[in-house]
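Below is one structure; the comments refer to it alone.
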């Protein structure tokens, strides 16, 4: 409906999308663009006819008509925000599936060449991101949500390739090999070892493992550590072996973070009970214990991030859920961040 500047009702638009919820409206030089339920876009042109103030400019556009990258299945959802470029030939919009798309328009009265939507940077996760890692030798980031594992090129700022998890098997953690050619992901009750190809991600081996929430490759890529419950398991990446003396037991809470020493001689991990432990692998393999003198403990508050200090074995900076940063060699003087750091 149309109202005047005083907010008084004047007239209904006869051809308005009745029966469909409208979530956003933007003006353009010739009229209005409406969008909403089901991802539908309705352009309207103003007319001098007082009984027909706006008329449809072109047929409604369905945002579900889009070029989907291989293995991506993100259906149309209600549009929440739109913006049109200055020359009014491209409309950018965001939908409730957290996707950023664009569509070509022909609002000058000519026939549109195409009304197929396209992703601006590629399809984003439409679910909560549960894991992320970066590659050392390529400009790549890997992320995972319940349904998808995606690889991105952060230099070109674009989506590269994805893997769709089996139905009912959620991805909870992921790590990318320093070379960029392999990933390890926790999917359902397995660890999947996969090769990253030019246009796909292919599984080549799996390990039975439940409740894995953290995976990290060593800097050299010859080992990776997986946090399972309150244990951290260290695997040889090339043989996929994890002997008993590389199953590190030191926590009462669930493993939340893992970080390798700079020279790969060991790693540190943390848990939801606020303990940071350091595991020199030579000591772990010989005596199946950690460097307990270096333990860092601050009440039963979860550790949300950990980074080992280069050049200092068994020393790290940790972020705690109470909005503080700690140096593990000083348990009395935290840095107040004012923000939750993950």
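Throughout, read-outs are computed from the coordinates displayed, never taken from laboratory work. All values derive from a computational prediction rather than experimental measurement. FYI the Cβ positions are ideal-geometry reconstructions off the backbone, even for glycines, and counts take in every protein chain you see.
From the helices alone, meaning DSSP H stretches of at least four residues, give me the mean residue ellipticity at 222 nm for the chain, per-run term -39500 (n - 2.57), in deg cm²/dmol to the nearest 500. Spell out each step's value before the answer.
On the way: 1 runs with 7 residues, N = 342.
Here the helix-only value at 222 nm equals -500 deg cm²/dmol.
Please arrange 309, 184 by counting, for each residue, the other beta carbons lying within 10 Å of its beta carbon, fewest first. The partial results should precede the final answer.
Values: 309 15, 184 27.
Starting with the residue having the fewest Cβ neighbours, the order is 309, 184.
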Original post:
Which of 41, 215 comes first, and how do the rest follow, when ranked by fewest Cβ neighbours within 10 Å?
Top reply: 41, 215
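Cut-off is 10 Å between beta-carbons; in what order do 126, 222 appear when sorted fewest neighbours first? Mind showing how you got there, number by number?
Working: 126 19, 222 15.
The order, fewest Cβ neighbours first, is 222, 126.
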Original post:
Given (1) 18; (2) 39; (3) 22, which label gives percent of Cα pairs over 36 Å apart as computed from the coordinates?
Top reply: (2)
**OP:** Round to a whole angstrom and tell me the spacing of the C-alpha centers of the stretch 280-342 and the stretch 133-159.
**Re:** 27
